[in-house]
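The values are calculated or read from the model by the stated rules, or taken from the named source; none is laboratory data. All values derive from a computational prediction rather than experimental measurement. All Cβ positions, even for glycine, are placed from backbone atoms using ideal geometry, and neighbour counts span all protein chains on display.
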């Protein structure tokens, strides 16, 4: 996994979220980042489960219109390609 791509994915998520919701979303993203960007990500089951949870969270942000459809599709693709 390319660390720059991984970090950039989380930056893109933050940028794609509507400004009014960025702070709240950033608080949740820390939990995903902790697992997915950990240098000790030796547990592939935990990594896969966390990536799938992140995909669900992004889908929820799209459903509630906090995240646009085009952004959601790109971010979902990045999560799949990076961690799944």
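Brief remarks follow.
Conditions tested, residue by residue: (1) in a helix (DSSP H, G or I); (2) within 10 Å of the chain's Cα centre (by Cα).
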residue: 22; (1), (2): yes, no
residue: 27; (1), (2): yes, no
residue: 35; (1), (2): yes, no
residue: 39; (1), (2): no, no
residue: 46; (1), (2): yes, no
residue: 58; (1), (2): yes, yes
residue: 66; (1), (2): no, no
residue: 77; (1), (2): yes, no
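- Criterion violated by residue 62 - all others in (1) more than 12 Å from the chain's Cα centre (by Cα); (2) loosely packed, with under 15 Cβ neighbours inside 10 Å satisfied: (2)
- Failed item, numbered, when residue 29 is tested on (1) touching a residue at least 24 places away in the same chain (Cβ under 8 Å); (2) surrounded by 14 or more Cβ atoms within 10 Å (Cβ to Cβ): (1)
- In segment 46-61, the residues that are without any contact (Cβ under 8 Å) to a residue 24 or more places away in the chain and touching a helix residue (DSSP H, G or I) at 6+ places or on another chain (Cβ under 8 Å): 46, 53, 59
- The listed residue being in contact (Cβ under 8 Å) with a residue 24 or more places away in the chain, touching a helix residue (DSSP H, G or I) at 6+ places or on another chain (Cβ under 6 Å) and closer than 16 Å to residue 8 by Cα, out of 79, 66: 79
- Total residues in segment 25-45, condition in contact with a helix residue (DSSP H, G or I) (Cβ under 6 Å, 6 or more places away or on another chain) and more than 18 Å from residue 11 (Cβ to Cβ): 1
- Remark: residue 53 matches the filter, which requires a residue to be more than 14 Å from residue 13 (Cα to Cα) and at pLDDT 95 or above.
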